[in-house]
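What follows is a set of notes on a single structure, which appears directly below.
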Amino acid sequence: MRRADRLFAIIQLMRRNKLVRARDLAQKLEISERTVYRDIQDLVASGVPIEGEAGVGYVLKGGFDLPPLMFTEEEIEALVLGVRIVRSWADAGLAEAADDVLAKVEAVLPARLRAYMKETPLDAPQHHWAEPVSVDLAALRRAVRERLKLAFAYRDRDGSETHRTVRPLLISFFGPVWTLTGWCELRNDFRSFRLDRVSDLELRDEVFRPEPGRTLHDYLRRESELFTARRGPQPPS
């Protein structure tokens, strides 16, 4: 690995983790800890805001930005496959946004990598089976983004219908099924709803504020605890 690429890799690893030890960097990059210490010193000397010390760990202060030096073939494969999956499974607005991202990346690539991007042998076919969704996914994404309450009718597996008012927190994709997770005011608890069973969706002009015990962080923490207890994911019913 070239030294410039190695320095960039160190910054990228620090971006992903709050605290990084020299030992971990050395193992990840397959270099000695002495080289890591020297690289850290050089980065600090060049103005990169890294704090910490040997034996404790290092932290990259927030707000630092560094443009990528170049994409690897594997990074291009990840981008292309991600875009193709979004194009195949998501709504039209999100698919168009994914194409725009790919176009921006393509514009800065050298000719060799542009050709590789077009020929990437990873695909997500457009013709596939999925549970039909009648609600507007773009509207759901807006509700999550802007914290707008939702009202809708929901049909359970037995066909019984209830009317819900929900604080939307998370949109998930389980193979052929899209789900919405949020705080359900009817059940006074977190609930996940299969979107193929949702109808009469209404975005209300009512903005909700994050409250302790009702946030996405609270939901994910509880799911993590449940997952540990039962040792296996449970898709919504």
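Cβ-Cβ contacts under 8 Å between residues 6 or more apart (or on different chains), taken from a first residue in segment 13-32 that is in contact (Cβ under 8 Å) with a residue 12 or more places away in the chain and in a helix (DSSP H, G or I) to a second residue that is among the hydroxyl-bearing types (Ser, Thr, Tyr) and surrounded by 13 or more Cβ atoms within 10 Å (Cβ to Cβ), are listed as 14/58; 22/37; 22/58. Of the residues that sit in segment 34-57 and are farther than 20 Å from residue 4 by Cβ and not in a loop (DSSP other than H, G, I, E, B), which one is modelled with the lowest pLDDT? Filtering first and then ranking leaves 53.
The strands (runs of 3 or more DSSP E) located wholly in segment 155-219 that include 3 or more residues which are charged (D, E, K, R) occupy 161-174, 189-194, 198-207. Screening the candidates 220, 180, 169 for the property of being out of contact with any strand residue (DSSP E or B) (no Cβ under 7 Å at 6 or more places or on another chain) and either within 29 Å of residue 88 (Cα to Cα) or open to solvent by less than 30 Å² (accessible area, probe 1.4 Å) (or both) yields one hit, 220. If you go through segment 93-131 and pick out every residue that is among the hydrophobic types (A, V, I, L, M, F, W, C), without any contact (Cβ under 8 Å) to a residue 12 or more places away in the chain, open to solvent by 50 Å² or more (accessible area, probe 1.4 Å) and part of a helix (DSSP H, G or I), you end up with 3. For segment 183-217, filtered to residues that are aliphatic (A, V, I, L, M) and out of contact with any helix residue (DSSP H, G or I) (no Cβ under 6 Å at 6 or more places or on another chain), the residue that is farthest from residue 88 (Cα to Cα) is 186. The set of residues in segment 9-51 being closer than 24 Å to residue 71 by Cβ and of a type in the set (Lys, Arg) consists of 15, 16, 28.
Of everything listed in (1) within 30 Å of residue 74 (Cβ to Cβ); (2) surrounded by fewer than 17 Cβ atoms within 10 Å (Cβ to Cβ); (3) not aromatic (Phe, Trp, Tyr), the single unmet condition for residue 229 is (1).
The values are calculated or read from the model by the stated rules, or taken from the named source; none is laboratory data. Being a predicted model, the structure only gives us computed values, none of them experimental. All Cβ positions, even for glycine, are placed from backbone atoms using ideal geometry, and neighbour counts span all protein chains on display. Side chains included, ligands, DNA and RNA excluded: accessible areas come from the protein's heavy atoms. Shrake-Rupley method; radii C 1.70, N 1.55, O 1.52, S 1.80 Å.
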